[in-house]
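The values are calculated or read from the model by the stated rules, or taken from the named source; none is laboratory data. Since we're looking at a predicted model, the values are computed, not measured. Note: ideal-geometry Cβ built from the backbone for every residue, glycine included; neighbour counts use all protein chains shown. Surface accessibility is based on the protein's heavy atoms, side chains included, excluding ligands, DNA and RNA. Shrake-Rupley method; radii C 1.70, N 1.55, O 1.52, S 1.80 Å.
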Amino acid sequence: MSIPLVNLQRMHDSMRDEIQNAINGILDRGDFILGDEVKEFEMEFAEYCGTKHCIGVGSGLDALTISLRGLGIGQGDEVIVQANTFVATALAVKHVGATPVLVDHDPEGYGLDTRRVAEAVTDKTKAILPVHLYGQPSDMDEINEIARENDLLVIEDGCQAHGARYKGQRVGGLGDAGAFSFYPGKNLGGLGDGGAIVTNNDKLAEWVRSARNYGSTIKYHHTVQGFNSRLDSIQAAVLRIKLRKLDDWNAKRQHAATVYRKFLTGSAIDLPTQLTGRDHVYHLFVVRVPRRDDLLAHLHEKGIGAGVHYPISINRQIAMEDCCKVPQPLPESETLCDEIISLPIGPFITEDEIETVATEVATWVKENAHARGGAAPIPV
Ligand SMILES: *Cc1c(COP(=O)(O)O)cnc(C)c1O
């Protein structure tokens with residue numbers, strides 16, 4: 001038996017002809033970089049997110065870095081980030097020369113804890129960078145309110161939450177800019193690296209459009225010191241096909257989560273909390289268990305591709321240790337790392353596979369339940 005964390009094989013088998021036709025079109029036209037497919041995808045993804053602009057870039061990290069740079073964030077500035085995110089979120093802040101200020105996440109939804117944000121604001125703070133982690137939006141009303149009160153920018157890291165809604169509105173368009181990754185395993189992913197920035201800010205859009213392409217909109221006329229961070233036509237063509245299926249795929253992820261709940265309710269494990277007013281698109285189905293490493297090893301032995309997102313909080317990553325500011329202790333992030341486990345999920349997982357995984361987890365937890373809370377059984 002083998003149940004991968006996300007089954008991309010099944011996804012691509014279901015659309016192999018569409019993909020091959022699209023790639024053939026590009027071979028015929030020869031517009032490999034920033035071609036017609038990229039322009040079309042940018043219009044379609046902007047419309048999907050409910051924003052005026054979408055600009056395709058090379059990766060999610062680039063989408064974050066270039067939007068921060070385009071919004072004027074740099075040396076001496078502080079940006080508030082949650083400590084339980086993927087390294088890219090904090091790395092982007094570092095890459096523009098600013099300081100990531102790490103705060104804890106909301107223990108219920110795993111997004112940015114807004115109570116921690118207000119107390120982390122200083123006179124150097126320029127922006128808040130909430131992550132819609134695992135596919136569930138952070139509390140954007142609260143974040144935008146804190147931003148308004150303190151005159152801060154808001155950049156959303158939507159890399160795990162394509163299509164998720166906060167109070168009915170898609171993520172990405174809720175702040176000053178939204179960053180997306182199209183890494184193959186994301187809810188909307190290409191056949192390689194890719195990313196996009198969405199925004200309603202005309203000036204930012206214009207700057208990013210030039211900056212991603214060596215700072216030029218007219219060939220060999222360079223107006224800003226730019227990057228080489230362009231979405232290529234093959235990725236855009238594949239993303240256009242997948243975008244048409246995204247809502248259906250997200251609904252299938254939500255259904256898979258419901259099936260997990262059916263099988264796991266009553267087990268001594270913490271299931272993900274679905275917060276009101278938010279659409280969770282289940283990029284990951286993250287549960288909490290005691291003795292996580294033992295369960296992880298057990299599932300791997302059974303051929304189940306569980307993962308950990310993430311095993312080390314940003315403040316403990318060797319690359320980031322000395323460069324972040326940590327105004328308050330991070331008890332939530334640090335305990336989380338030892339307890340979380342991501343179970344296989346995706347639009348192509350079957351109910352039988354979910355049952356198999358859930359049964360393995362529930363049985364293991366039952367047999368090892370005495371370890372909950374770290375208390376060893378008392379020897380008699
Ligand atoms: C994947 C991811 C990124 C980075 O995207 P890349 O395309 O790999 O550069 C950033 N933030 C979060 C939360 C992610 O999950």
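When segment 12-22 is limited to residues that are closer than 13 Å to G190 by Cβ and surrounded by fewer than 18 Cβ atoms within 10 Å (Cβ to Cβ), the one that is nearest to the chain's Cα centre (by Cα) turns out to be H12.
Against the test of being within 14 Å of the ligand (Cβ to nearest atom) and farther than 25 Å from L275 by Cα, the options S229, S138, S216 yield a single qualifying residue, S229.
Conditions (1) surrounded by fewer than 21 Cβ atoms within 10 Å (Cβ to Cβ); (2) of a type in the set (F, W, Y); (3) out of contact with any Gly (no Cβ under 9 Å at 6 or more places or on another chain), marked per residue:
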{"site": "I80", "(1), (2), (3)": "no, no, yes"}
{"site": "F86", "(1), (2), (3)": "yes, yes, no"}
{"site": "P107", "(1), (2), (3)": "yes, no, yes"}
{"site": "R115", "(1), (2), (3)": "yes, no, yes"}
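Looking only at segment 215-240, which residues are open to solvent by 10 Å² or more (accessible area, probe 1.4 Å), β-branched (V, I, T) and touching a helix residue (DSSP H, G or I) at 6+ places or on another chain (Cβ under 9 Å)? Within segment 215-240, T217, T223, V224, I234 qualify.
Residues checked against (1) of a type outside the set (S, T, N, Q); (2) closer than 30 Å to V365 by Cα:
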residue: N200; (1), (2): no, no
residue: S210; (1), (2): no, no
residue: R240; (1), (2): yes, no
residue: R244; (1), (2): yes, no
residue: Y260; (1), (2): yes, yes
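On the basis of being touching a residue at least 12 places away in the same chain (Cβ under 8 Å), under 19 Å from G50 (Cβ atoms) and surrounded by fewer than 20 Cβ atoms within 10 Å (Cβ to Cβ), does Q169 make the cut? Criteria met by Q169. Total residues in segment 43-75 satisfying the condition of being open to solvent by less than 10 Å² (accessible area, probe 1.4 Å) and acidic (D, E): the figure is 0. Report, by residue number, each residue of segment 213-264 that is among the polar types (S, T, N, Q) and either at pLDDT 95 or above or not in a loop (DSSP other than H, G, I, E, B) (or both). Residues satisfying the conditions are N213, N228, S229, S233, Q235, N250, Q254, T258.
Got at least one residue in segment 21-33 being on the phi < 0 side of the Ramachandran plot, in contact with a strand residue (DSSP E or B) (Cβ under 8 Å, 6 or more places away or on another chain) and not in a helix (DSSP H, G or I)? Looking for residues that are on the phi < 0 side of the Ramachandran plot, in contact with a strand residue (DSSP E or B) (Cβ under 8 Å, 6 or more places away or on another chain) and not in a helix (DSSP H, G or I), one finds at least one in segment 21-33, hence yes.
Is it the case that some residue within segment 339-353 is within 16 Å of the ligand (Cβ to nearest atom), closer than 30 Å to D77 by Cα and either out of contact with any strand residue (DSSP E or B) (no Cβ under 7 Å at 6 or more places or on another chain) or free of Cβ contacts under 8 Å to residues at least 60 places away in the same chain (or both)? Within segment 339-353, not a single residue is within 16 Å of the ligand (Cβ to nearest atom), closer than 30 Å to D77 by Cα and either out of contact with any strand residue (DSSP E or B) (no Cβ under 7 Å at 6 or more places or on another chain) or free of Cβ contacts under 8 Å to residues at least 60 places away in the same chain (or both). The criterion of at least 2 residues that are away from the ligand (no atom under 16 Å from the Cβ) is met by the following strands (runs of 3 or more DSSP E) wholly inside segment 55-130: 99-103, 125-129.
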